[in-house]
1. How far, in degrees from 0 to 90, does helix 178-193 lean away from the longest principal axis of the Cα atoms of the chain, to the nearest 10?
2. For the chain, find the longest principal axis of its Cα atoms and tell me its angle to the long axis of helix 215-224, 0 to 90°, nearest 10.
3. Can you tell me the orientation of helix 22-33 relative to the chain, as the angle in degrees between its alpha-carbon axis and the longest Cα principal axis, to the nearest 10?
4. Taking the DSSP beta bridges in the chain as the whole, what percent of them are antiparallel, to the nearest 5?
5. Could you work out the relative contact order of region 254-318? I mean the mean sequence separation of Cα pairs under 8 Å and 6+ apart, divided by the number of residues, in percent.
6. Between H302, H119, H321, where does the largest GNM mean-square fluctuation fall for the chain, given springs only between Cα atoms within less than 10 Å?
7. Give me Rg over Rh for region 260-321, both radii from the alpha carbons and Rh done the Kirkwood way, two decimal places.
8. Please give the FRET efficiency for E246 paired with D277, using the beta carbon to beta carbon distance and R0 = 22 Å, rounded to the nearest 0.05.
Amino acid sequence: MMDSKELLRLLCNADGPSGYEEGVRSLMRELMEKFVDEIQTDKLGTLVGIKKGTQEQPRVMLAAHMDEIGFIVRYITKEGYLKFTPLGGWMDQLILGQRVVIKTREGDVLGVIGCKPPHIVPPAERTKLIERKDMFIDVGVKSEEEVAGLGIKIGDPIVPYGPFEEMAKGKAYMGKGLDDRVGCALLIKILEEVGSDHPNTIYAAATVQEEVGLRGAQTAAYLVKPDVAIALEVAIAGDVPGVNPEDAQAKLGGGPVICLYDVSLIPNIRLRDLFIDTAKELGISYQFEIMEGGATDAGRIHLYAEGVPSIVIGVPTRHIHSPIGIMSAEDFENTKKLLIAVLKKLDSQTVVSLKPL
Ligand SMILES: [Zn+2]
């Protein structure tokens, strides 16, 4: 059986900012192949691994997005610095001073996000937030020509540099792109461990371009035509200084997070209750999330055709939408267990009963 930590390491260390998912997609294809009956793709790049169970119906869609937030090169200055445009929502203060990798056609180039040094900033300005427009990427050269010599072109995608590491004596992990490589790792582990004893067909979709507006989810739903859908995601771990628990109540180590509200989805309530009841049966502690900002693939999928009963299940993660996130090993295992147990219950009758009367 594949080790969860090593799987997460492979997935987090793979690169794939929105629209440029090739790197992570080829890895996902390789990982999926062993456990599915067939792989289908749509024309935007989503991969769907199809795993048959004891019944053909219902069609259960699991969706995790492969893309991570990144940047693209917008402009190259005469002095050899790169100006950049975000792919997805970054918290700008967290990118300053970070190492990044520019993915050129000729290979990877390392750079650092910089701004003017504090020593030459007037004292009154020093406490001011530095805006992204005043930042640049330094690749260690002195001219536009040298930048070209490194193979860097306008439009090249950029990702944070942040190798996956174990922390807290193995209890936690840090990595870039945990949003949503955690979901991708769950997809793979579920496919590996669920066996064939599930009364449905699983469509494990690794979607693209979620971070720029849930774009891949729309075409993926069309491909899958799901009867029910579960988005596998990160959830905000609010257990950091300065966060009021009423704004983000999930904690690292507190177990899988059932999202009850985000701006794109109100989950199917019977599906919500199925997750709650199953967690209780398994003795797994679970948490809730009510998110007044943000959206997930389920927001798009549930609006497919006449509607699809949908929900989002998350692994609590600290520092999402920053260069490095932190997650708990135990939360990952418990989220996986809960999802597998629910998948085994999703037979035709149960899925029909999700429909509002
Ligand atoms: Zn996400």
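1. Helix 178-193 and the main axis of the chain meet at about 30 degrees.
2. Between helix and principal axis, roughly 30 degrees.
3. 30 degrees
4. On the way: 43 of 67 bridges.
Approximately 65 percent, going by the DSSP bridge assignments.
5. Details: 102 pairs, mean separation 33.2, N = 65.
Relative contact order of region 254-318: 51 percent.
6. Highest fluctuation of the listed residues: H119.
7. On the way: Rg = 12.6 Å, Rh = 12.8 Å.
That ratio is 0.99, to two decimals.
8. Details: r = 26 Å, r/R0 = 1.17.
E between E246 and D277, to the nearest 0.05, is 0.30.
Throughout, read-outs are computed from the coordinates displayed, never taken from laboratory work. Because the structure is a prediction, the values reported are computed rather than measured. Cβ sites come from the backbone with ideal geometry, for glycine too, and all protein chains shown count toward neighbours.
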